[in-house]
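Only one structure is covered here, and it is reproduced in the block below.
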């Protein structure tokens, strides 16, 4: 059994293990980082800590329009470091049993295929359970760590 928090990137609902989430905050001013990958929005300062911010809309290949009132930053642990994840809106907390989790479709291709670990059906909703460590490659995780340290 595990608890997950759900959030939306575009129209698609995703779930992340709640133990990986530190907090959910309203968007803060972002400082752009020169030559950062397109999905790295930049860095924020929160209570004296500098945190890199990843736009999951761009990372997942979804249109990233301007922030809306529902836009939030999910602060999560990736490679033992806290990063901000831009999401379109936050959903709910769910408790999932192993029986709730289905294998992701084998036909899944593209960028998202490597980080979707399971699919969960809730009524008429299909929720992708993601492994946040797989959203970034090892090299990208190292770059993020350096970005936070040098800022």
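The values are calculated or read from the model by the stated rules, or taken from the named source; none is laboratory data. Since this is a predicted model, take the numbers as computed values, not measurements. Here Cβ is always computed from backbone atoms with ideal geometry, including for glycine, and neighbour counts include all displayed protein chains.
The table for this structure:
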item	result
Tabulated pairs, the stretch 122-140, first in contact (Cβ under 8 Å) with a residue 40 or more places away in the chain and at negative phi, second part of a loop (DSSP other than H, G, I, E, B) and surrounded by 14 or more Cβ atoms within 10 Å (Cβ to Cβ), C-beta under 6 angstrom, 6+ apart or interchain	130/115; 135/115
Matching residues in the stretch 116-136 - criterion: being surrounded by 19 or more Cβ atoms within 10 Å (Cβ to Cβ), modelled with pLDDT of 85 or more and not in a strand (DSSP E or B)	132
All positions within the stretch 21-57 that are within 26 Å of residue 118 (Cα to Cα) and crowded, with 17+ Cβ neighbours inside 10 Å	21, 39, 40, 53, 54, 55, 56, 57
Single match in 103, 139 (criterion: loosely packed, with under 12 Cβ neighbours inside 10 Å, farther than 19 Å from residue 3 by Cβ, out of contact with any strand residue (DSSP E or B) (no Cβ under 6 Å at 6 or more places or on another chain) and modelled with pLDDT of 80 or more)	103
Some residue of the stretch 80-91 being modelled with pLDDT of 90 or more, buried (at least 18 other Cβ atoms within 10 Å of the Cβ), assigned to a loop (DSSP other than H, G, I, E, B) and within 14 Å of the chain's Cα centre (by Cα)	yes
